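Here is the structure we will look at, set down as structure tokens.
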């Protein structure tokens, strides 16, 4: 079995920053902002739960500890998804 080189990112997604307004998530080299105002389930989450993130195929993200998911399309085109996530 051959190991990956040191420093190689093997994760499809990761949280890059958390602020009082929301958090940034990096998915396949593209960064998205997830505002707490639009996704209130994340506003009360423990920071460690935000960092436990999984990709769902090529279209979404899932936080198992919160049982919450987001379609990347909703982050790319929020005007198409005007309802708040609960």
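Where a number appears in this text, it was derived from the coordinates with a stated rule and is not lab data. Note that this is a predicted model, so its numbers are computed, not measured. Note: ideal-geometry Cβ built from the backbone for every residue, glycine included; neighbour counts use all protein chains shown.
Brief remarks on what is shown
- Fewest-first ordering of 15, 53 by other beta carbons within 10 Å of each residue's beta carbon gives 15, 53.
- Ranking of 13, 48 by neighbouring Cβ atoms within 10 Å, starting from the fewest: 48, 13.
- Available extension along the chain between residue 76 and residue 19 is 18.6 nm, counting 0.36 nm per residue and deducting the alpha carbon span.
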